[in-house]
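Step one of this worksheet: look at the structure below.
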Amino acid sequence: MRTTQFHSLPVQLFSAGARVGLIPVVKGARFQTIAPAEVASALLEAVLEEPSAELHRLRTVGGPEAIGMGELAETWKRHTGSRGHLVHLPLPGAMGKFLREGRNLIPEQRYGSETFGSWLAKHADSL
């Protein structure tokens, strides 16, 4: 099972930056975050599938929506009340190119319905 990033990844990045008042946003980066509980559901579905003649099978799932990092940061700020300033930064190198090209996204394999915003609302007490 492969998945896109968990909802907690941008939360960790934004929280770390907010400690110094600057919330990093990678220019051109979009994410298709997914809830860990929905990944668990996908794993359970895979386990319960009919047996296959294939020795190894790979299943890939992504979150229900692909969103720009800036929008994720704004959503996080609304849910946490953070006053940090968004700082839009270029990310050079292979990782920057990977994100700008959207190679971390799999819109054709969306799974589940828990968006980043709804996940934040459910976890407001631990943000």
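The values are calculated or read from the model by the stated rules, or taken from the named source; none is laboratory data. Not measured: the values here are computed from a predicted model. With ideal geometry, Cβ positions are generated from the backbone for all residues, glycine too; neighbour counts draw on all protein chains shown.
Condition check ((1) modelled with pLDDT under 95; (2) within 14 Å of the chain's Cα centre (by Cα); (3) over 29 Å from Ala124 (Cβ atoms); (4) surrounded by fewer than 11 Cβ atoms within 10 Å (Cβ to Cβ)) across all residues:
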| position | (1), (2), (3), (4) |
| --- | --- |
| Ser15 | no, no, no, no |
| Ala18 | no, no, no, no |
| Pro24 | no, no, no, no |
| Pro36 | no, yes, no, no |
| Ala46 | yes, no, yes, no |
| His56 | yes, no, yes, yes |
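Conditions first: (1) touching a residue at least 12 places away in the same chain (Cβ under 8 Å); (2) assigned to a helix (DSSP H, G or I); (3) of a type outside the set (Phe, Trp, Tyr). Leu13 passes all but one, so which condition is the exception?
(1)
Among the residues of region 75-119, write down those that are of a type in the set (Gly, Ala, Ser), surrounded by 12 or more Cβ atoms within 10 Å (Cβ to Cβ) and under 18 Å from Pro24 (Cβ atoms).
Ser82, Gly84, Gly96
Based on this model, can you work out whether Pro51 counts as in a loop (DSSP other than H, G, I, E, B) and at pLDDT 95 or above?
So Pro51 fails the test.
Restricting attention to region 93-117, and to residues there that are of a type in the set (Asp, Glu) and part of a loop (DSSP other than H, G, I, E, B), which single residue is nearest to His7 (Cα to Cα)?
Glu114
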